[in-house]
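What follows draws every value from the coordinates through simple rules; no lab data is involved. Since the structure is predicted, the reported quantities are computational estimates derived from the model, not experimental observations. Here the Cβ positions follow ideal geometry from the backbone for every residue, glycine too, while neighbour counts run over all protein chains shown.
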Amino acid sequence: MEMEGRPGPVADFVRLHACSRPRSIALADAASGRAWSYSDLDRAVAAAVTLLRASGVGIGDRVAALSRNSPELIILQLACARMGAILAPLNWRLSPTELAAMIDDCEPALLYGDALLDRIQGQALPRLEAQVFSSRIESEAPAPFESRDAALPSLMLYTSGTSGRPKGVLLSEGNLLATALNFAVLGEVAADSAFLVDSPMFHVIGMVTNIRPVLMMGGRIVVSGGFDPAVTLERLGDPELAITHYFCVPQMAEMLRAASGFDPRRLGGLKAIFTGGAPHPASRIREWLADGIPIVDGYGMTEAGTVLGMPLDLALIHAKAGSAGLLPPTIEHFILRDDGSQCEAGEVGELVLRGANICEGYWQNPGETAEAFTVDGFFRTGDLVSRDEDGFFFLVGRSKDMFISGGENVYPAEVEGVLKSHADIADAAVIGVADPKWGEVGHAFVVLRAGGKADETVLREICARNLARYKHPVRIVFLADLPRTGTGKVVKAELRKLVELPQD
């Protein structure tokens, strides 16, 4: 029998657990209480494959999705993986203009969504409403199971580039399996684990890290429509839901502590609260530890899934508070100086990575793909880190201008482009500034053209039409000119000094 060169199959753990633990609950809706056993979920995924094929979706085709969190969105992604299609969940926080650009880019064969689909106009695409999908997978005949190549992409998550142009990150089933393995070990995921998922499913945390590790281990997913501090806190403390794992950004963790019903004694069933997406001060981490709750920092990105994570030991978290944790042994890494040489322990440099978790590249963007990787296949994260003698990593900053506001990546070039699109604006620059609520927020500096009359109100209106709200600068300052180097590059360090001056 000829086996050499044969691709590895998709690791379909839902199908495995449908045989090994068919009656165990795999998926549940927090609002309605509706639940799917592993046997139910396996059948729903197979029926969804039938429905997608009947809708004209084939191998390699994209299915764009505009929907809030739901069990059906997970079923849809698993069906795409099983049949060789690619789900492209869209960020519903974006403006109609931004969404239209993403749809044009991914060229979907089908557009899936809930009531949010009304935001998309002028797209002559076949549509599948979530309510219709939910109803039809109850009646469709399940498609026979077919093994697929794990190297095929099954998920495309959009992330903005430094130019502001969205990039579709292609993730294969092999990539998703590697992230599942990496997090399952560090996060102590088991068959009795239950994840409450209210992170948006257009993010890698919501659609990958919250989903794949628990399905791999035969655990349970409880889907929430979104984050609400009081409701989320109630669910985390509900003994019937018995939640063990929860992901959020540090700002969400602070909102949980500030909620009126916060009682750490009710959260004793949690293995940990996992945070990422923004800096988490050591003092805040230790407040949770004092209540006996492990709050675990980690680090990952759309292109690489789970990369770093803290162990769940309270004493170790306290000693290393501020660290993003350890690197799984499945990932190769270097920390590089600007000249490409390797950093010593404690020295700051750019983190580069290589492993099965790293994405396949960017959709229809060979230039960005080539730029993202070294000649020997290491992915350039663009993030500056240091590593101590014990192997714990500390995030220091980002080598590019991108900042994170409320867990969302904001790229100044994109915001600057919108501001400069107004005829009265000669120049604009945006920087991220520390903020106690959102982690970081944008400050814009704008130069008017001669005779230009645009004011702050006008610029806020243009931002509202073209940008998601989290990208809007909280402050707009008008300057006579922007500070520049001799080669014409804006000196953002000088702009940061202006932010530090007393405000009028």
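Results, tabulated for the structure shown:
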read-out	value
Acute angle (nearest 10 degrees) that the helix 173-186 long axis makes with the longest principal axis of the chain, alpha-carbon atoms	80 degrees
Amide H contacts under 5 Å for Glu440, placed H, 5+ residues apart	Gly406, Asp435
Theoretical ellipticity at 222 nm over the chain - DSSP helices of four or more residues, -39500 (n - 2.57) apiece, nearest 500	-8500 deg cm²/dmol
Trypsin sites (Lys or Arg not before Pro) within segment 325-424: DSSP coil, no more than 11 neighbouring Cβ in 10 Å	none
Residues in segment 260-297 reached by a label modelled at Ala230 [backbone nitrogen below 11 Å; 7 Å Cα→Cβ]	260-261
Helix 456-466 axis, angle to the chain major axis (alpha carbon atoms, nearest 10°)	30 degrees
In segment 386-432, GluC sites (Glu not before Pro) in a DSSP loop with at most 14 other beta-carbon atoms within 10 Å	Glu389
Net charge, Asn175 excluded, C-beta distance under 11 Å - Lys, Arg +1, Asp, Glu -1	-2
Efficiency of FRET between Glu146 and Leu312 - r from beta-carbon atoms, R0 41 angstrom, step 0.05	0.60
Net charge of Cβ neighbours under 15 Å - reference Gln123; Lys, Arg +1; Asp, Glu -1	-3
Listed values (1) 0.98; (2) 1.25; (3) 1.12, entry calculated as Cα Rg over 2.2 N^0.38 Å	(1)
Furthest towards positive pole of dipole, Val10, His333, Val446, structure part the chain, Cβ charges	Val446
With Cα atoms, 0 to 90° folded angle of helix 96-106 axis to the chain main axis	60 degrees
Simple spin-label estimate for Arg257 and Leu16 in nanometres, 7 Å along Cα-Cβ	3.8 nm
Within the chain: Cβ-based charge dipole about Cα centre, in debye rounded to nearest 20 (Lys, Arg +1; Asp, Glu -1)	680 debye
Simple label model, 7 Å out from Cα along Cβ direction - Thr330 to Gln123, nm	3.2 nm
Share of Cα-Cα pairs in segment 228-331 lying beyond 25 Å, as whole percent	18 percent
